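I have placed the structure first, in the form of structure tokens, so that the comments after it can refer back to it.
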Amino acid sequence: MQRPEAWPRPHPGEGAAAAQAGGPTPPAGAGEPSGLRLQEPSLYTIKAVFILDNDGRRLLAKYYDDTFPSMKEQMVFEKNVFNKTSRTESEIAFFGGMTIVYKSSIDLFLYVVGSSHENELMLMSVLTCLFESLSHMLRKNVEKRWLLENMDGAFLVLDEIVDGGVILESDPQQVIQKVNFRADDSSLTEQSVTQVLQSAKEQIKWSLLK
């Protein structure tokens, strides 16, 4: 069996001459400096999502990479972001090499953090979906008191929107459906949980009686 011939290295100027002569040309990109190659697109667009109260204290937070590996670093970052954004009317800030979109509601500040080259519209779609989903869940009372009482539901909402930094959903109606909240009555109550447990007990009882 004959071994395939190695691709000959052209001398400077031979590439164009070979093309004109109809000879083989080296593969595209061969010899191209790695620094000139386009950056590969990534699905991992969200670095962090967090909600602070009107004093800058954390109520809910999720970080999706190791930019701030420790709790202390995260808290310092959040405080700095709050100090930069809490008294401005803008919805976009650039801080520490990152793009941050944010929204305030009564006594809450909601933040979505991406890299410096991230599309602001994409980040804003996540922020809008989070706010509107929470608004459904909290019956339009997007404020600290009701958020604290429904924190489990808030984490479920966030997990349906972003998973590991990847944007999963930007439609609040779809998010509400996925976490089993009805759009018109979306709060998790002990009564609804009790009803589910009671229904499960009834099904088990009837299956044993058969």
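The values are calculated or read from the model by the stated rules, or taken from the named source; none is laboratory data. These numbers come from a predicted model, not from an experiment. No Cβ is skipped: glycine too gets one built from the backbone with ideal geometry, and neighbour counts run over all protein chains shown. Each accessible area value is taken on the protein alone, full model and side chains, heavy atoms only, with ligands, DNA and RNA left out. Shrake-Rupley method; radii C 1.70, N 1.55, O 1.52, S 1.80 Å.
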Angstrom value of the Kirkwood radius, inverse mean 1/r, which spans all Cα pairs in the range 91-133:
10.4 Å
Using a Förster distance of 25 angstrom, determine the FRET efficiency expected from the C-beta separation of E120 and M75, and round it to 0.05.
0.50
What order do you get for 161-171, 102-112 when each peptide is scored by the mean count of other beta carbon atoms within 10 Å, highest first?
102-112, 161-171
R139 versus D152, label points 7 Å from Cα toward the beta carbon: distance in nm?
1.9 nm
Projected label distance in nm at Q177 and R57, using a 7 Å step from Cα toward the beta-carbon:
3.9 nm
Counting Lys and Arg as +1 and Asp and Glu as -1, each charge on the Cβ, what is the dipole of the range 69-156 about the Cα centre in debye, to the nearest 20?
240 debye
A 1.4 Å probe over the protein heavy atoms gives the range 47-120 a carbon and sulfur accessible-area percentage of 48 percent
